[in-house]
Amino acid sequence: NYQIFMNHKLLIYSFSFVLLNWDYNCIHKQKSMPNSPAALDGIVAPHQEKAHNDKDLCLTPGCVYAAAEILKNMDRNVDPCDNFYEHVCGNYIKETIIPDDKSSLTLFSKIDDTLTDQLRMVIEEPSADDEARPFRMAKSLYKSCMNKTKIEAAGLTHIKEIVKRMGGWPVLEGEMWDEGSFTWKDTTYKFKDEGFSIDYLMDFSITTDYKNSTIRVIDLDQASLSLSREYLVKG
């Protein structure tokens, strides 16, 4: 019995010594590890890979240009923790000039302006002999609309003829306008024949019934003024 007791006691001492030695080694390693971000920068766990490598980087001209635009718009002198908006967009606000014909300017509106300029350059190019008919027609229509000399020479003659064919307009004809011969249904057909939307006469659409969303209803409303009321009143 005494021998069994001593064996158990020796086993407990041995196990305690192993635990103490393991705990000491853990504490010693923790103290010896670097704590600064710079020192930890090159330390990677054996089962982990570095987060970035050359394959993860996009170096195409488009990616490089996009990155340059983002960096150009940033104000890196501002701490993002103090003012994140200024940090990201500070230089864009400082360096962007709003044109006189616009009330605001965004990256999307700049892209839209650039696209419009590119389309204008394409449509102003001379038509090739083998160019598709729709493209030739679009360029011809554009040239007609941009020919201010012929437009001013023709005056309102052409537009008055179109209005007359569509049933006339009391604003132009005054007392000579025949109200009895006017029907809105026939006028909608005439608008279609001339290539105009009936929305210039009335707003006609199919929409959802507000009282029952499973039903569709015909919605009739007054025509829009194209321009806002302020433009028409104040000029």
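If the viscosity is 1.002 mPa s and the temperature 20 °C, what Stokes-Einstein diffusion coefficient in µm²/s follows for the range 58-122 when Rh is the Kirkwood radius over Cα pairs? Could the numbers behind the result be given before it?
Details: Rh = 13.7 Å.
Calculated translational D: 156 µm²/s.
Taking the dipole about the Cα centre of the range 62-133, with the C-beta of Lys and Arg at +1 and of Asp and Glu at -1, give me whichever of PHE84, MET74, VAL122 is farthest to the positive side.
The residue sitting farthest along the positive end of the dipole is PHE84.
What order, most packed first, do the peptides 83-92, 106-115 have when packing is the mean number of other Cβ atoms within 10 Å of each residue?
Descending packing order for the listed peptides: 83-92, 106-115.
Fully extended, how many nm does the chain gain between LYS110 and ALA153 (0.36 nm per residue separation, minus their Cα-Cα distance)? Write out the running numbers ahead of the final one.
Values: separation 43, 0.36 × 43 = 15.48 nm, distance 3.57 nm.
Length gained between LYS110 and ALA153: 11.9 nm.
At 0.36 nm per residue, minus the direct Cα-Cα distance, what do GLU125 and LEU227 gain on full extension? Give it in nm, one decimal, please.
Values: separation 102, 0.36 × 102 = 36.72 nm, distance 3.13 nm.
My answer for the length gained is 33.6 nm.
Rounded to the nearest 20 debye, what is the charge dipole size of the range 58-122 about its Cα centre when +1 sits on each Lys and Arg Cβ and -1 on each Asp and Glu Cβ?
Charge dipole, the range 58-122, about its Cα centre: 200 debye, nearest 20.
Quick check on my link table: of LYS185/LYS211; LYS102/LYS148; LYS160/LYS190; LYS55/LYS110, which ones sit more than 21 Å apart, alpha carbon to alpha carbon?
Those over the limit are LYS185/LYS211; LYS102/LYS148; LYS55/LYS110.
Throughout, read-outs are computed from the coordinates displayed, never taken from laboratory work. All values derive from a computational prediction rather than experimental measurement. In this analysis, Cβ positions are derived from the backbone assuming ideal geometry, glycine residues included, and neighbour counts consider all displayed protein chains.
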